[in-house]
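Asks: First, the structure itself, so that you have it in front of you.
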Amino acid sequence: MVVALPITLQVMVTGNNLKGITNMETFQLSGAISALIYAGIGIAVFFIALLLIEIATKYSINKKIAHEGNVALAIVLGSILISLGMIISSAIH
């Protein structure tokens, strides 16, 4: 689902004349704001996925990877997160 946000910022540029505004330039901020919103949603989905994986397993993933050095678990967790990122990326585009 793609959501376009039509938010614009109008910047008025004044010249040397006393009548005021000579040019009006409009900068579209919808792309930047949409990117920030999607980034926030993506980060939230990553944290929810990590929380669900932590709940679904009967051991601490942090303990297994950081303290015990379980490289296989780190690779599996990394591949899950990369595939989730690819799915989110394709959903945005």
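The values are calculated or read from the model by the stated rules, or taken from the named source; none is laboratory data. Here the structure is a predicted model, which means the values were calculated and not measured. Counting neighbours? That spans all protein chains shown, and the Cβs are built from the backbone with ideal geometry, glycine included.
Asks: Do the conditions hold for Gly69, that is, is it assigned to a loop (DSSP other than H, G, I, E, B) and modelled with pLDDT of 50 or more?
Replies: Yes.
Asks: Anything in region 44-55 that is surrounded by 11 or more Cβ atoms within 10 Å (Cβ to Cβ) and under 12 Å from Ile88 (Cα atoms)? List them, or say none.
Replies: Val45, Phe46
One line per residue, one yes/no per condition, for (1) at pLDDT 90 or above; (2) out of contact with any helix residue (DSSP H, G or I) (no Cβ under 7 Å at 6 or more places or on another chain); (3) in a loop (DSSP other than H, G, I, E, B):
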{"site": "Thr22", "(1), (2), (3)": "no, yes, no"}
{"site": "Phe27", "(1), (2), (3)": "no, yes, no"}
{"site": "Ser34", "(1), (2), (3)": "no, yes, no"}
{"site": "Gly40", "(1), (2), (3)": "no, yes, no"}
{"site": "Ile43", "(1), (2), (3)": "no, yes, no"}
{"site": "Ala49", "(1), (2), (3)": "no, no, no"}
{"site": "Ile53", "(1), (2), (3)": "no, no, no"}
{"site": "Lys58", "(1), (2), (3)": "no, yes, yes"}
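Asks: Asn17 passes all but one of (1) modelled with pLDDT under 85; (2) surrounded by 11 or more Cβ atoms within 10 Å (Cβ to Cβ); (3) not in a helix (DSSP H, G or I); which number fails?
Replies: Against the list (1) modelled with pLDDT under 85; (2) surrounded by 11 or more Cβ atoms within 10 Å (Cβ to Cβ); (3) not in a helix (DSSP H, G or I), Asn17 comes up short only on (2).
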